[in-house]
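These notes concern the structure reproduced below.
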Amino acid sequence: NITGSGYKKGTTSASVTLPSGANIYLCNGGDGSGALSSYSWINQQSDGYDYTSLGYQSSNTCSDSSSSSDIVVGGVAIDTNEYEYFQGTSFVGVSSFSYNYTVYNTSNVIISIACGWYGCTSITVPSGCTPLFDATGADKYETTYMAVCYNQTSGTYTISGSLSGAGYVSIGIYEFSPFFINPGFSYAINSSLFNSINLNGSNVYFTNSSG
């Protein structure tokens, strides 16, 4: 489902371009000595001071900017349906953190973490998850991190980490069904089929098996 991922470090701005044509792009960013002044994504989780932020967008370039001297941005391109569940939290003025999240149905999970004011020195994700990248800015005061957990079964999982000082952390958890609609499958043409199985608030997805 993942077509690409990456990160960039910058001074007053940073941007990373991912493969085009994906259905959704997840991005995050962090800043060390000043708040983020802008970012390209729709914000879903921030620390309230904009030292860290994460979210999603439809364009393939994740970018952020700030008036400070160092900044980071990271993103992942996902060629599948929209996520089924999002969970997130933020921490303010902490040197360590721990967060429990719940997987409701067997899912492919993306973990998105941004650290700011002070960078993250270590991040621990559940067994079976694979980091996509873990990058800290040149001045060590900001971090962008993402990981993927394929076919994570229902249950409660823990993420933890440490920072080099009392900093800010934003965490986002995206749960995707492991069954997804191929981009060649038409929602419009198959709307009656899709609607007939989209019951009880639980989406069921099909791949296009034709030709």
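The values are calculated or read from the model by the stated rules, or taken from the named source; none is laboratory data. Model, not experiment: these values are computed from the prediction. All accessible areas refer to the heavy atoms of the entire protein, side chains included, with ligands and DNA or RNA removed. Shrake-Rupley method; radii C 1.70, N 1.55, O 1.52, S 1.80 Å.
For the range 79-165, the solvent-accessible area works out to 42 Å² per residue, with a probe of 1.4 Å and every protein chain left in place.
Taking all protein chains in place and a 1.4 Å probe, what share, in percent, of the accessible surface of the range 140-181 do carbon and sulfur account for?
Its accessible area is 54 percent carbon and sulfur atoms.
Hey, what did the range 55-142 get for relative contact order, percent, Cα under 8 Å, at least 6 apart?
Answer for the range 55-142 is 35 percent.
Quick check: at a probe of 1.4 Å, how many percent of the accessible area of the range 1-110 sits on carbon and sulfur atoms?
42
Out of every Cα pair in the range 71-143, what percent are spaced more than 17 Å from each other? Percentage above 17 Å: 54.
Among Thr61, Thr3, Thr121, the sequence by solvent-accessible area, most first, with a 1.4 Å probe is Thr121, Thr3, Thr61. Take every Cα pair under 8 Å whose residues are at least 6 apart in sequence, average their separation, divide by the length of the range 1-158, and the relative contact order is 28 percent.
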